[in-house]
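Every number in this text was worked out from the coordinates using simple rules, so none of it is lab data. What you see is a predicted model; the values in this text were computed from it and never measured. Neighbour counts are summed over all protein chains in view; Cβ atoms, including those assigned to glycine, are modelled from backbone coordinates with ideal geometry.
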Amino acid sequence: MITQAEQPETRDEALEATVAAYLQRHPDFFEHHPEILITLRIPHPTGDAVSLIERQVRALRQELDTERQRLGQLIARAREYESLSTRLHALVLRLIAINDPEQLCERLRETLLQEFRADAVTLRLFPLDPEAATTDPLTAAFKDFLARKHALCGPLDADKAEVLFGEAAASVRTAALVPIRTAERSGVLAIGSSDPERFRPELGTDLLDRLGEIIAHKLSAVTIERCGRD
């Protein structure tokens, strides 16, 4: 029994005749509209067998669909990159005129939470003292990270998440850790998100690295011990 949803589409013979007549009058139509031609299904009279041409057309259509998906992903990433770049520029303009440590900390945290869709933000700085790497648990936990040149994205170890985000650590699924280096201190800017796809390990870090450089340069003029936790 065929349901209403399964019934074939009713043919409009008058419309078909109009289309056929138009194509006969304009035999070069598909030369001007090749994008339509590649979507058509033109059967070949080969009985139950599928002609080689038809197989090739199917393969080309599948390849075209794949390339369209890739192009769509590239366009989406490019738009996201442009948006992040614009927001980063706006953040720089906001930070330029701030000289008060508490105000700087609050503006940085506020902007990252609102404009960069973060759920938790922490800035922790450590003294550049070799002995601190063994005597201070916090510094020891991030000793290897402080030697990095680039930001790190992905899931965060539960212990380190607790150290950085405190009570908010339970909701953080992924995080971006940005190394911060000044003449007297080094540290980490941690940006956490409850979205498991927000900071994927394969995410490009050039904008995050630039953010770290901007913050480090600004911190050279002010003193902040920590930012983002009570």
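At-a-glance table
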quantity	calculated
Long-range HN-HN contacts of VAL121 with modeled amide H, under 5 Å	GLY192
Modelled FRET efficiency - R0 22 Å, GLN62 with HIS33, Cβ distances, 0.05 increments	0.55
ASP157-HIS26 pseudo-label distance in nm [points 7 Å out on the Cα-to-Cβ vector]	6.7
For peptides 66-75, 88-97, sequence by mean Cβ density within 10 Å, most packed first	88-97, 66-75
In sequence order, calculated HN-Hα J values of the range 74-90 (Karplus, 6.51, -1.76, 1.60; Hz; x Gly/Pro)	5, 5, 5, 5, 5, 5, 5, 4, 4, 5, 5, 4, 5, 5, 5, 4, 5
